[in-house]
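Have a look at the structure below, then the notes.
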Amino acid sequence: MISLNRVLLIGNLTKDPELRYIPSGTPVANLRLAVNSSFKDQAGQRKEETCFVTIVVWSRQAEVCNQYLKKGRSVFVEGRLIYRSWEAEGKTRSTMEVRADRVQFLGLPAAPGSNTTDAAPASPAANAAAGRQAGPAGGASGAGSHAEAPEPVRAGEPEPEAAAEESADADVPF
């Protein structure tokens, strides 16, 4: 029988990451993500719905998330569902979480005093993930442009240097 356990989420952090270290010294971060969706009910009224998801990030990626992410920041998460259960106060407790394989930061961090975290996309990859395509002037082009979603960047991998980007301009499809 074929099975697939893959989760793709884009949402906003509801609080700062919580970093801890397990006894072996491996870092683990918990991210709390709010994912919004809208739909029309039977009466034709538009309804908003928010799903809150716990994301578990391991190793170096956990440290990078703790260092750079703050409450309100948009992220793209790719991972898999994990079911855990444990005993607490004589009762069996359980939870469903997402174990992150990749975390991609979307948008730029908010400036102090600003109430928005997505003032501008961080990279062409973030543009594509948000459904925008860079126009001739380097800005996002208008509605209706379609770009293939790039492979998400793993947290902790450095962004290419500006000089490297300029030399690769001939390979860019837009």
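Between a first residue in region 79-93 that is closer than 30 Å to G11 by Cα and a second residue that is at pLDDT 90 or above and not in a strand (DSSP E or B), which pairs have beta carbons less than 6 Å apart while being 6 or more apart in sequence or on different chains? What qualifies is R80/N5; L81/N5. Going through (1) surrounded by 11 or more Cβ atoms within 10 Å (Cβ to Cβ); (2) part of a loop (DSSP other than H, G, I, E, B) one by one, L8 falls short only on (2). Which one of A62, A88, A149, A100 is more than 22 Å from N5 (Cβ to Cβ) and either among the aliphatic types (A, V, I, L, M) or modelled with pLDDT of 95 or more (or both)? Step by step, each of A62, A88, A149, A100 is checked, and only A88 is more than 22 Å from N5 (Cβ to Cβ) and either among the aliphatic types (A, V, I, L, M) or modelled with pLDDT of 95 or more (or both).
Cβ-Cβ distances below 7 Å connect the following pairs, each with a first residue in region 1-19 that is farther than 12 Å from L33 by Cα, a second residue that is of a type outside the set (D, E, K, R) and not in a strand (DSSP E or B), and a separation of six or more residues or different chains: L19/A62; L19/N66.
Can you tell me which residue in region 29-70 is nearest to the chain's Cα centre (by Cα), limited to those that are in a loop (DSSP other than H, G, I, E, B) and surrounded by fewer than 18 Cβ atoms within 10 Å (Cβ to Cβ)? Steps first, answer last, please.
Of region 29-70, the ones in a loop (DSSP other than H, G, I, E, B) are 41-45, 69-70.
Still in the list and also surrounded by fewer than 18 Cβ atoms within 10 Å (Cβ to Cβ): 41-45, 70.
Numbers: D41: 28, Q42: 32, A43: 33, G44: 31, Q45: 29, K70: 12 Å.
Looking at the filtered set, the residue picked out is K70.
Given the criteria assigned to a strand (DSSP E or B) and among the hydroxyl-bearing types (S, T, Y), does S85 qualify? Spelling it out, S85 is indeed assigned to a strand (DSSP E or B) and among the hydroxyl-bearing types (S, T, Y).
The values are calculated or read from the model by the stated rules, or taken from the named source; none is laboratory data. Just so it is clear, the structure is predicted and the values come from calculations on it, not from any experiment. Counting neighbours? That spans all protein chains shown, and the Cβs are built from the backbone with ideal geometry, glycine included.
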